[in-house]
Amino acid sequence: VEVFDHFGGKLDKRTVVHVWKDKSTLASVVGAGYEALINNSPGDNSWYLDHLDINWEAVYGNEPCADIEEPAQCGLVLGGQGEMWGETVDTSDIEST
């Protein structure tokens with residue numbers, strides 16, 4: 001997403017932007033006409049599985065298109081991915097997330 005933040009609409013429209021910052025960035029990316037993947041981190045709508053203060057129901061309930069008003073722009077969201085930083089994980093995470 002740093003590349004999009006820097007170049008914006010100057011990127012080739014075939015570029016797929018990986019949004020890993022705040023979810024509001026996703027609306028900007030698809031609003032500019034780019035396809036995107038999301039795994040946002042900050043806040044209670046994070047898809048990071050090692051954020052133990054966020055339970056799995058919240059992760060699964062995180063709808064990527066919730067803040068995108070145009071259906072055509074939502075069609076540019078290719079999907080998302082859950083992240084987990086291994087250095088923050090131990091066996092207790094299996095039951096916590």
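The values are calculated or read from the model by the stated rules, or taken from the named source; none is laboratory data. These figures come from a predicted structure and were not determined experimentally. Cβ coordinates were reconstructed from backbone atoms using ideal geometry, including for glycine residues, and neighbour counts include every protein chain displayed. All accessible areas refer to the heavy atoms of the entire protein, side chains included, with ligands and DNA or RNA removed. Shrake-Rupley method; radii C 1.70, N 1.55, O 1.52, S 1.80 Å.
Quick notes
- The stretch 1-23: number of residues that are surrounded by 12 or more Cβ atoms within 10 Å (Cβ to Cβ) and of a type outside the set (A, V, I, L, M): 9
- Filtered residues of the stretch 67-76 (kept if surrounded by 13 or more Cβ atoms within 10 Å (Cβ to Cβ) and part of a loop (DSSP other than H, G, I, E, B)): Ile68, Leu76
- Just one residue in the set Glu63, Glu95 is at pLDDT 85 or above and open to solvent by 70 Å² or more (accessible area, probe 1.4 Å); that residue is Glu63.
- Residues in the stretch 33-60 that are crowded, with 17+ Cβ neighbours inside 10 Å and closer than 17 Å to Gln73 by Cα: Tyr34, Ala36, Leu37, Ile38.
- Flag for Ala27 being open to solvent by 20 Å² or more (accessible area, probe 1.4 Å), in contact (Cβ under 8 Å) with a residue 12 or more places away in the chain and farther than 10 Å from Val1 by Cβ: yes
- Filter result for Gly79 (assigned to a strand (DSSP E or B), small (Gly, Ala, Ser) and closer than 16 Å to Val1 by Cα): yes
- Hey, Ser24 more than 15 Å from Gly80 (Cα to Cα) and either among the small types (Gly, Ala, Ser) or over 15 Å from the mean Cα position of the chain (by Cα) (or both) or not: no
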